[in-house]
Amino acid sequence: MKYFTIILLTLSLTIGVFASDINQDSSKAAAYKQPVLLTSVGQAADVLILKGLSLRAGVKVMYRPQATADSLSDCSTVLLVAGGSSKGLGAAKIDPDIEMKRIKGLVKAAKKAKIPILVYHIGGEARRGALSDQFNKLAAEAGEQLIVVKSGDKDEFFMKTALKNKAEYISIEKQIDVVGTLKKQFGL
């Protein structure tokens, strides 16, 4: 009887371990799907940093610096990198108003197609101010998740926008933390 009890106990523990493994695997299920369309909102170089961090995380991104609604056909998730740059806009020969129009069209089409939009603001304080904040506002209002480097949200602009729009707000300490965040988002 003693051995029978030990065997039953061992079996129940084993089944419990397998059951917990199943639950852990299902919790790793990707909230978002690949491939990912990656574009800038404001033509800042931060988008290239995010591209590199995405590759490091194992997320397949299709980088399109001037993505439009027509760019959505092959993607399952849109990743917007918020932050304006006068240098980036100048180098791309894009007027800020044209950039705003491009992003509005992209966001409208993504929402119509029910493609989730994730917004990253990783440039910190350098990507805040009059030029950047018009782009930051547009991106933040579009995202269902806002991932923001803490130093770029001292005034809680992104946090308040997330609350207002019922989006998830994720604060990270530094850019390298993007890797772990992406892995969680895409179940990697």
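The values are calculated or read from the model by the stated rules, or taken from the named source; none is laboratory data. These figures come from a predicted structure and were not determined experimentally. Here the Cβ positions follow ideal geometry from the backbone for every residue, glycine too, while neighbour counts run over all protein chains shown.
A search for C-beta distances below 6 Å between a residue of the stretch 156-183 that is over 11 Å from Y120 (Cβ atoms) and assigned by TED's automatic domain parsing to the domain that holds I117 and any residue that is exposed (fewer than 15 other Cβ atoms within 10 Å of the Cβ) and modelled with pLDDT of 90 or more, counting only pairs 6+ apart in sequence or on different chains, returns S171/K150; E173/K150; V179/R56. Scanning the stretch 108-135 for residues that are touching a helix residue (DSSP H, G or I) at 6+ places or on another chain (Cβ under 7 Å) and modelled with pLDDT under 85 yields G123, G124, E125, R127, R128, L131. The set of residues in the stretch 122-151 that are closer than 15 Å to Q175 by Cβ, touching a residue at least 40 places away in the same chain (Cβ under 8 Å) and in contact with a strand residue (DSSP E or B) (Cβ under 6 Å, 6 or more places away or on another chain) contains only I122. The set of residues in the stretch 92-118 that are in contact (Cβ under 8 Å) with a residue 60 or more places away in the chain, touching a Phe, Trp or Tyr at 6+ places or on another chain (Cβ under 9 Å) and surrounded by 21 or more Cβ atoms within 10 Å (Cβ to Cβ) comprises I103, L118. Could we say that S76 is closer than 25 Å to G180 by Cβ, polar (S, T, N, Q) and surrounded by fewer than 22 Cβ atoms within 10 Å (Cβ to Cβ) here? Yes.
Y169 - would you say it is surrounded by fewer than 21 Cβ atoms within 10 Å (Cβ to Cβ) and under 22 Å from A57 (Cα atoms)?
Working: surrounded by fewer than 21 Cβ atoms within 10 Å (Cβ to Cβ): yes; under 22 Å from A57 (Cα atoms): yes.
Spelling it out, Y169 is indeed surrounded by fewer than 21 Cβ atoms within 10 Å (Cβ to Cβ) and under 22 Å from A57 (Cα atoms).
Only residues that are modelled with pLDDT under 90 and in a loop (DSSP other than H, G, I, E, B) were counted across the stretch 23-64, and they come to 7.
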